[in-house]
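Chemist: This structure is in structure tokens; I'll ask about it shortly.
The values are calculated or read from the model by the stated rules, or taken from the named source; none is laboratory data. Quick caveat, the model's predicted, so the values are computed rather than measured. Methodologically, a virtual Cβ is constructed for each residue, glycine included, from the backbone with ideal geometry; neighbour enumeration extends over all protein chains shown.
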Amino acid sequence: MGAPAVSRSLLFHPLAMNSHRHWRQLYRESGGINPSHAMRAHLINLLSILWAPLRRAEDLCYSTALERTEITTPPLFVLGHWRTGTTHLHNLLCQDPATCYVNTFQTLLPDSFLVGRHTVQSLIARSMPKKRHMDNVSLGADLPQEEEMAMANISPHSFYVGLYFPNRMPELFTRYVLFEGLTPREHAEWKQAYLSLLKKVAYVNPGKRLVLKSPTNTGRIPQLLELFPDAKFIYLHRDPFRVFKSTMHLFETTFDLVGFQHPPKEQIERYVHDFFPRLVEKYEADKTLIPKGNLVEIPYDTLSSDGLRTLASAYESLSLPGWDAAKPHIAAYLDSQAGYEKNVFRMDRATVERIEANWGAELQRHAYERPALSD
């Protein structure tokens, strides 16, 4: 996940700018919050009311124009489990001047960012942290972000509601990542919310190709093809041992920073061991639905070792136009990341053995080897 754009200030909790109606629904369905976060919940409740005039102004000013907006160029979707390098790939692809994306500011005010970009965005930009909380990746109001972060602010049909109420994660994963057990009404509501968000981004970026990234989309290939039959896809996979430790770190730090519930580490580990194989197997089953020539699969190590050549090959394989114009921008971004330092994780024998037991199919599929042990 692209990590919530927050500082320790409650003003920049990712839910602080959602609608009051949406917040009340999430609260009712939460299953209860930790008493230590009662004040956080109360203040978010108040803040959600304060943003109402912006939402009303946006409806008045833009509803007609948005109804007429169409997404004419098929989007490009970046797929892959959390912590497989999807953010890095997303950032690379978004250097292409012919593309557009959902930015961090838009995920915070998804139902009022058209009006808010003239009044609020500069405040957000000045006050945000410069790095993501779980790694060293740059964070900024105008930088690419996961559209799923915005979906959790406008719709109850989002897996990322579980970032705030992690006790609900298993249910949310099954329903809104794998799309199992949804009613026709829930499916239609998800589709309407998703298209509404993307149309807003397309409205302010006419003629550009949307580049969209969220690991949740890895389980939604049929739904995405229903919306965009000619969409392009790039799928990343990475050493599962590395992915496990990094995903654990991601969930633990995110729940601590923005959550209203505190699942123990053992519960979080069960989530990760459950979600990974189900997501990857769903992708493997559904990828055959993608038309020939519209999917590229890339190992993370290949992208990491030679990003420019990897992207050139992907553009060619997907028949994406504009590589010559995009190349210098992508090369400049790669140069700017030369000093990036990754998190370092140690692997003990028990953890390695649990990964091998739960993720064995993926280890065999890509011939990933057991890492050196720390004990």
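Chemist: Could you pull out the residue among Leu320, Leu250 that is in a loop (DSSP other than H, G, I, E, B) and buried (at least 17 other Cβ atoms within 10 Å of the Cβ)? Break it down stepwise before answering.
Modeler: Working: Leu250 fails: in a loop (DSSP other than H, G, I, E, B).
Of the residues listed, the single one that is in a loop (DSSP other than H, G, I, E, B) and buried (at least 17 other Cβ atoms within 10 Å of the Cβ) is Leu320.
Chemist: Let me ask something else about it. State whether one or more residues within the range 211-234 are closer than 22 Å to Leu143 by Cβ and in contact with a Cys (Cβ under 6 Å, 6 or more places away or on another chain).
Modeler: yes
Chemist: Moving on. Looking only at the range 250-292, filter to residues that are of a type in the set (A, V, I, L, M) and farther than 24 Å from Gln223 by Cα; which one of those is nearest to the chain's Cα centre (by Cα)?
Modeler: Ranking the qualifying residues of the range 250-292, first place goes to Leu250.
Chemist: Which of the residues belonging to the range 225-245 are in a helix (DSSP H, G or I) and either surrounded by fewer than 22 Cβ atoms within 10 Å (Cβ to Cβ) or touching an Asp or Glu at 6+ places or on another chain (Cβ under 6 Å) (or both)?
Modeler: Correct list: Leu225, Glu226, Leu227, Pro240, Phe241, Arg242, Lys245.
Chemist: Shifting gears a bit: Filter the range 297-317 down to residues that are among the charged types (D, E, K, R) and not in a helix (DSSP H, G or I) and give me whichever is farthest from Asn91 (Cα to Cα).
Modeler: Glu297
Chemist: Looking at Asp348 and the list (1) modelled with pLDDT under 95; (2) within 25 Å of Met149 (Cβ to Cβ); (3) surrounded by fewer than 17 Cβ atoms within 10 Å (Cβ to Cβ), which single condition is not satisfied?
Modeler: With respect to (1) modelled with pLDDT under 95; (2) within 25 Å of Met149 (Cβ to Cβ); (3) surrounded by fewer than 17 Cβ atoms within 10 Å (Cβ to Cβ), Asp348 is out only on (2).
Chemist: Sticking with this one: Only one of Asp256, Asp239 is modelled with pLDDT under 95, among the charged types (D, E, K, R) and closer than 25 Å to Arg40 by Cβ; which? Walk me through it before giving the result.
Modeler: Values: Asp239 fails: closer than 25 Å to Arg40 by Cβ.
After ruling out the rest, the residue left standing is Asp256.
Chemist: Would you confirm, using the coordinates I've provided, whether Asn167 is surrounded by fewer than 16 Cβ atoms within 10 Å (Cβ to Cβ) and touching a residue at least 24 places away in the same chain (Cβ under 8 Å)?
Modeler: So Asn167 fails the test.
Chemist: While we're on this one: Restricting attention to the range 31-40, which residues are at pLDDT 90 or above and surrounded by 17 or more Cβ atoms within 10 Å (Cβ to Cβ)?
Modeler: Within the range 31-40, just Ile33 meets the criteria.
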